[in-house]
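Visitor: Okay, handing you the structure first.
The values are calculated or read from the model by the stated rules, or taken from the named source; none is laboratory data. These numbers were taken from a predicted model, which means no experiment stands behind them. Virtual Cβ from ideal backbone geometry, glycine too; neighbours counted across all protein chains shown. Protein only, heavy atoms only, side chains kept; ligands, DNA and RNA dropped before computing areas. Shrake-Rupley method; radii C 1.70, N 1.55, O 1.52, S 1.80 Å.
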Amino acid sequence: MKKNLVISLLMTVVTTILLGIVYPLLVTGIAQVLFPKKANGQMIEANGKVIGSRIIGQGFTSPGYFHSRLSSAGNGYDPLNTNGSQLGPTNQKLIDRVKGDVATAKGENPGTPIPIDMVTASASGLDPEITPASAAFQLPRVAKVRGASEEQLRQLVATHTEDRQLGVLGEPRVNVLELNLDLDRKYPQTTRQ
């Protein structure tokens, strides 16, 4: 009995050290060597300053920028509180919010079908990407503020549209932060919004 207890305790200590310390450090070290940018959060820098991450969404509210997908993470885009709204499709609070968002979108671009990701949040609440349809829906507003043609911005969106991974996984998508950074470089706003 005592021998079994000692063996159990030793196995617990050994596996804790191997799987709780050695293995994570080994995997982290390999990731740092082989994929340093990805292992460190895919940070995006501008003028030597980190301004965001390629894989965590940010809120953009100015009319001169493409807007991200809605976020239910904390007070919006909170990486420490990732979560969807947890509201079911029959929840009145969700229905009212979506109706309000649809009305706002219709006012922005009347007569144009509203892409679903313009009025729904992602499961994590931190989705950094929108659909090409969502970007296209926002073209008139952004073009007007930026003084660029819709066709110029459509080409910019096309250069930032990523296809399905391996040709079958996911959907085509546009990273909003990268698109807006390129938008600032190519079509700067004359006044800050």
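Visitor: For Asp78, only one of the following conditions fails: (1) closer than 29 Å to Glu162 by Cβ; (2) open to solvent by 90 Å² or more (accessible area, probe 1.4 Å). What is its number?
Guide: Checking Asp78 against (1) closer than 29 Å to Glu162 by Cβ; (2) open to solvent by 90 Å² or more (accessible area, probe 1.4 Å), the one that fails is (2).
Visitor: Right, here's the next one. If you check Ala123, Ala73, Ala133, which single one turns out to be closer than 25 Å to Ile51 by Cα, open to solvent by 30 Å² or more (accessible area, probe 1.4 Å) and among the aliphatic types (A, V, I, L, M)? Steps first, answer last, please.
Guide: Working: Ala73 fails: open to solvent by 30 Å² or more (accessible area, probe 1.4 Å); Ala133 fails: closer than 25 Å to Ile51 by Cα.
Just one listed residue meets the conditions, Ala123.
Visitor: Being in a helix (DSSP H, G or I) and not hydrophobic (A, V, I, L, M, F, W, C) is the filter here; which residues of region 134-151 pass it?
Guide: Hits for region 134-151 are Ser134, Gln138, Pro140, Arg141, Lys144, Arg146, Glu150, Glu151.
Visitor: What about Ile56, is it of a type in the set (A, V, I, L, M) and touching a residue at least 12 places away in the same chain (Cβ under 8 Å)?
Guide: For Ile56, the condition - of a type in the set (A, V, I, L, M) and touching a residue at least 12 places away in the same chain (Cβ under 8 Å) - is met.
Visitor: Inside region 154-193, can you point out the residues that are part of a loop (DSSP other than H, G, I, E, B) and among the aliphatic types (A, V, I, L, M)?
Guide: Within region 154-193, Leu166, Val168 meet the criteria.
Visitor: Any residue that is under 14 Å from the mean Cα position of the chain (by Cα), surrounded by 13 or more Cβ atoms within 10 Å (Cβ to Cβ) and of a type outside the set (Lys, Arg) - is there at least one of those in region 146-157?
Guide: Checked region 146-157: no residue is under 14 Å from the mean Cα position of the chain (by Cα), surrounded by 13 or more Cβ atoms within 10 Å (Cβ to Cβ) and of a type outside the set (Lys, Arg).
So that you can scan it fast, the table gives a plain yes or no per residue for (1) under 29 Å from Asn83 (Cα atoms); (2) not polar (S, T, N, Q):
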{"residue": "Lys106", "(1), (2)": "yes, yes"}
{"residue": "Gly111", "(1), (2)": "no, yes"}
{"residue": "Gln165", "(1), (2)": "yes, no"}
{"residue": "Gly170", "(1), (2)": "yes, yes"}
{"residue": "Leu179", "(1), (2)": "yes, yes"}
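Visitor: Look at Ala123 and say whether it is more than 19 Å from Ile56 (Cβ to Cβ) and either part of a helix (DSSP H, G or I) or not charged (D, E, K, R) (or both).
Guide: Details: more than 19 Å from Ile56 (Cβ to Cβ): no; either part of a helix (DSSP H, G or I) or not charged (D, E, K, R) (or both): yes.
Considered against the rule, which asks whether it is more than 19 Å from Ile56 (Cβ to Cβ) and either part of a helix (DSSP H, G or I) or not charged (D, E, K, R) (or both), Ala123 comes out as no.
Visitor: Same structure again: Looking at region 102-116, I want the residues that are open to solvent by less than 60 Å² (accessible area, probe 1.4 Å) and have a partner that is in a loop (DSSP other than H, G, I, E, B) with Cβ atoms under 9 Å, at least 6 apart or on another chain. Which pairs are those?
Guide: Close Cβ pairs satisfying both conditions: Val102/Ile114; Val102/Val119; Ala105/Thr112; Ala105/Ile114; Ala105/Pro115; Ala105/Val119; Pro115/Thr131.
Visitor: Open to solvent by less than 90 Å² (accessible area, probe 1.4 Å), of a type outside the set (A, V, I, L, M, F, W, C) and at pLDDT below 90: which single residue out of Gly59, Gly29 fits that description? Reasoning before the result, please.
Guide: Details: Gly29 fails: at pLDDT below 90.
Within the list Gly59, Gly29, the selection yields Gly59.
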